[in-house]
1. For segment B:141-177, give me each residue that is in contact (Cβ under 8 Å) with a residue 60 or more places away in the chain and assigned to a helix (DSSP H, G or I).
2. Restricting the search to segment B:116-132, which residues are more than 33 Å from the chain's Cα centre (by Cα) and part of a helix (DSSP H, G or I)?
3. Sort through B:E220, B:E266 and tell me the only one that's in contact with a strand residue (DSSP E or B) (Cβ under 9 Å, 6 or more places away or on another chain), free of Cβ contacts under 8 Å to residues at least 60 places away in the same chain and either not assigned by TED's automatic domain parsing to the domain that holds B:D345 or not basic (K, R) (or both).
4. Could you check, for segment B:308-318, whether at least one of its residues is more than 15 Å from the chain's Cα centre (by Cα), of a type outside the set (A, V, I, L, M) and part of a loop (DSSP other than H, G, I, E, B)?
5. Looking at A:V201, A:V205, which one is within 15 Å of the chain's Cα centre (by Cα), surrounded by fewer than 21 Cβ atoms within 10 Å (Cβ to Cβ), within 14 Å of another protein chain (Cβ to nearest Cβ) and not polar (S, T, N, Q)?
6. Could you tell me which residue of segment A:6-63 is modelled with the highest pLDDT, considering only residues that are more than 26 Å from A:G225 (Cα to Cα) and of a type in the set (S, T, N, Q)?
7. Return the only residue of B:D74, B:D63 being facing chain A (nearest Cβ under 8 Å), over 29 Å from B:Q138 (Cβ atoms) and out of contact with any helix residue (DSSP H, G or I) (no Cβ under 8 Å at 6 or more places or on another chain).
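The values are calculated or read from the model by the stated rules, or taken from the named source; none is laboratory data. Since we're looking at a predicted model, the values are computed, not measured. Note that each Cβ is placed from the backbone with ideal geometry, even for glycine, and that neighbours are counted across all protein chains shown.
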Amino acid sequence: MLFVLPFLTAYLIILIYPLLNGMALSLQRVDLFGGGQFVGLDNYARLFADETFIRSILATFALALMIVPILTVLALGLALALNRATRGAAIFRGVFFSSSVLSVTIVTLIWRFVLAPDAGLLGETAQALGAEPIPFLSHPTWSLWALAITTIWWSIGLPMMLFLAGLQQISGDVYEAAALDRASRWTTFWRVTLPALRRTVVLVVMLQTAAQLQIFGQAQLLTGGGPGGATRTMVLFIFEAAFARWELGYATAAAEVLFLIIVLLTLTQYLTTMRGSEGDGGR
Amino acid sequence: MASLELTNISKAYGATLVLDDVSLSMEGREFLAFLGPSGSGKSTLLRIIAGLETLDAGEVRLDGQRIDTLAPGDRGVAMVFQHYALYPHMTVRENMAFGLKNARVPKEEIESRVAEAARVLEIEEQLDKKPGQMSGGQRQRVAIGRAIVKHPKLFLLDEPLSNLDAALRMRTRIELAQMRNRVDAAFIMVTHDQAEAMTLADRIVVMNDRKIQQVGPPMEIYARPANTFVARFVGSPAMTLAPAELLAADNGRFASVRLGDGSQVETRVSREGLPGGPVQLGLRPENVHVARGGEASTAAKVELLERLGERTLVYARLKDGQAITAEDEGYSSLQVGETIGLRIDGASAHLFDSEGNGHHAEAAA
């Protein structure tokens, strides 16, 4: 007990206290200069009548749905391809992981160079081929894809490493048994590899869902929430409410809604995917 | 007809040669044991037969058909892995059925084969469990079951008993012997445990240093070891090998030697075919007894006693410092440090020439 006390203290002060304080704050009308006034569930009622907020929820879900499946499949594919003890594989593992260490500012800067229709890499290429450049940053749907692509590129490293770690846990003789059992590569993947990675897949999907629902930096820096609010994510909405309009109570209420969504989603994912998987741990 | 034929097999990992021109022929449905220390190449040879390793040179034929060019699953062999290698997320039933499903065996056929194997191995109650919920012994049975249902021509067993505790190992050994009688297939078992090899195999293939040292029935390996390696490796405790001097011909048919401490031993090894030069006298513990009364042929000092119950092993040293292992009765009154007389049974002794090749006593006429 004594040894966890320092951690527990920090945990209470910087996580639990703000969480409870936030809940209280969301029930008040309060701005950055202070002076709270209790208004009950007023902020929440306003939120669900606010079309901008509803659109930000939809945009956030759309982004998460674009990013999480592609990111998971891509990371798994890379891990499968790079799960070997060659020098080349080691180099590529490093390369694919390296994007994760960049700050979001650098990442969006790089992708602006790629995606900008007039001077970007893709735009120039399209023009050289005589095609119309895709308006990645100014079209409502394409700008969502611009955010998704940027995010996938930025976040691929960690899930890839998690999958690699999961693959290393599978003992080689199971694959030899599968070879003697006439399993094709495809059968081996579906019946041996994927079931063994089940927990890792759940972990990656849960972590990424929780992370992508909080997507912010890319949206603010790459598209600024535009065009026409098409890429205004929930955190961007919260940020604008708190630090542009100074409506602290309102922003906190939005943050509580996001918090609830994330908790419910990850809990549902965990419960549905982990059901009936007891006894899989042994080998 | 030879069931499995290995011809001139060589294998190297980079610059390290692990199998050097190995040839072996298996007769009918026999049970072979590859016996050898770690790094002798026995597991590599098994894996080459299974198709889990490629070979650099040579051929593998099973029932006349060349199989070293085929995929592992197409060779008609089944393997039981040392660590079982069961699919952890599949039930026992699915584990056993997996190979048959991949081979597109009809569903009813799969069900009947799995049911039959489960009955034989007494794991019917476990069919819907997963390997993680089972004990080591039960997993071992599932691994064997997974091999049986394939009706292979050849079973490959990679140290099948090494992960079991002593009591279970004895029981599984007996069960393997029984299974062998029920199944119409040949068996190859890799082991470093000579007791397993001696009790289960029709013939033992002793391997060391990338090569086959000797192939023969267990008692022949024990009684007529081809060389000093086999002599020392098979038998527990190991055979005593004492440097000796061949005595000049005295008209007798059999060779006599003088040990380092001056004592003489008359063997029943024929003088003919024995090259000159230094020899080693090979003595199994049961051929050296503690002498009571005046029948001792030499004396030794006791260094260590191992009381095994029905007999006592005596580790002693001759006057010239040569270590020798002898046997005494179970209730031995010997003490460490005591000097004792030893009676060497020369008629059962072996001689090894300077090349290390064994020469053995002729059967008493």
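1. Of everything in segment B:141-177, those that are in contact (Cβ under 8 Å) with a residue 60 or more places away in the chain and assigned to a helix (DSSP H, G or I) turn out to be B:A143, B:I144, B:R146, B:A147, B:I148.
2. Correct list: B:E125 only.
3. Going through B:E220, B:E266 in turn, the sole match is B:E220.
4. So far as segment B:308-318 goes, yes, one or more of its residues are more than 15 Å from the chain's Cα centre (by Cα), of a type outside the set (A, V, I, L, M) and part of a loop (DSSP other than H, G, I, E, B).
5. Result: A:V201 is the single residue among A:V201, A:V205 that is within 15 Å of the chain's Cα centre (by Cα), surrounded by fewer than 21 Cβ atoms within 10 Å (Cβ to Cβ), within 14 Å of another protein chain (Cβ to nearest Cβ) and not polar (S, T, N, Q).
6. Top of the filtered list is A:T9.
7. That would be B:D74, the only listed residue that is facing chain A (nearest Cβ under 8 Å), over 29 Å from B:Q138 (Cβ atoms) and out of contact with any helix residue (DSSP H, G or I) (no Cβ under 8 Å at 6 or more places or on another chain).
Residues are listed down the side, and each one gets a yes or a no for (1) within 30 Å of B:A147 (Cβ to Cβ); (2) of a type in the set (S, T, N, Q); (3) free of Cβ contacts under 8 Å to residues at least 40 places away in the same chain:
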position	(1), (2), (3)
B:H192	yes, no, no
B:E196	yes, no, no
B:L200	yes, no, no
B:M207	yes, no, no
B:F233	yes, no, no
B:E245	no, no, yes
B:G260	no, no, no
